């Protein structure tokens, strides 16, 4: 009886090792991803956007493929950080692609879809503001502000924070009607 108990007792660590090197590797990847996410959140709080982008990208690389919604949320956070880190055009393109991905997948939460669409509308609004400041022709900036206006309108009709989206819609309309000379000397809007 003692031999059987001793053998079983000695096999327990072997079971833990088998779990660790087998299915436990997914948990190790999740732990690493969570560490990078914590670093990214800290960098965002400190407004260190380049570090936040790098940490979010590392977390995204460590995340298992099955965590689709988390992966999409990290991509949204990367785009937000890029917007703050003078990467507005690139972030706008990534957000447009992300909105397309989200609309194709019915399993994604409506909160993530709404937040992503709102962020895309904001990016379009800021792009229009900068285009008008640069003195670009109306043919170049009108499609951007029109798309932002439509997205804000959709969010105001279907979103959870209707008042905020209505206010954003009004701002987009005012920006579309504003002359570039009215924008000179005003502080560039920020989030």
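The values are calculated or read from the model by the stated rules, or taken from the named source; none is laboratory data. The model shown is predicted, which means the values in this text are computed figures rather than measured ones. As a convention, Cβ positions derive from the backbone with ideal geometry for all residues, glycine included, and neighbour counts pool all protein chains shown.
If only residues of the stretch 51-70 that are within 12 Å of the chain's Cα centre (by Cα) and more than 18 Å from residue 87 (Cβ to Cβ) are counted, the one that is surrounded by the fewest Cβ atoms within 10 Å (Cβ to Cβ) is 69.
Only one entry of 75, 101 meets the criterion of being within 20 Å of residue 38 (Cα to Cα) and assigned to a helix (DSSP H, G or I), and that entry is 75. Checked against the criteria, residue 189 counts as under 28 Å from residue 41 (Cβ atoms), touching a residue at least 60 places away in the same chain (Cβ under 8 Å) and within 22 Å of the chain's Cα centre (by Cα). For the stretch 166-191, the set of residues classified as surrounded by 15 or more Cβ atoms within 10 Å (Cβ to Cβ) and out of contact with any helix residue (DSSP H, G or I) (no Cβ under 9 Å at 6 or more places or on another chain) is empty.
Applying the set (1) in a loop (DSSP other than H, G, I, E, B); (2) under 20 Å from residue 130 (Cα atoms) to residue 47 leaves exactly one unmet item: (2). Restricting the first member to the stretch 90-108 and to residues that are touching a residue at least 60 places away in the same chain (Cβ under 8 Å), and the second to residues that are exposed (fewer than 15 other Cβ atoms within 10 Å of the Cβ), no beta-carbon pair is closer than 9 Å while six or more apart or on different chains. Can you find a residue in the stretch 123-140 that is modelled with pLDDT of 95 or more, closer than 24 Å to residue 70 by Cβ and either under 14 Å from the mean Cα position of the chain (by Cα) or surrounded by 15 or more Cβ atoms within 10 Å (Cβ to Cβ) (or both)? The answer is yes; a qualifying residue exists. Tell me, which residue of the stretch 142-153 that is surrounded by fewer than 16 Cβ atoms within 10 Å (Cβ to Cβ) and in contact (Cβ under 8 Å) with a residue 12 or more places away in the chain is nearest to residue 123 (Cα to Cα)? Going through the qualifying residues, I end up with 146.
For the residues 163, 111, 151, the requirement of being over 20 Å from the mean Cα position of the chain (by Cα) and not in a loop (DSSP other than H, G, I, E, B) singles out 163.
The residues listed here are 90, 104, 146; of these, the one that is outside the structural domain of residue 42 (by TED's automatic domain parsing) and closer than 30 Å to residue 26 by Cα is 104.
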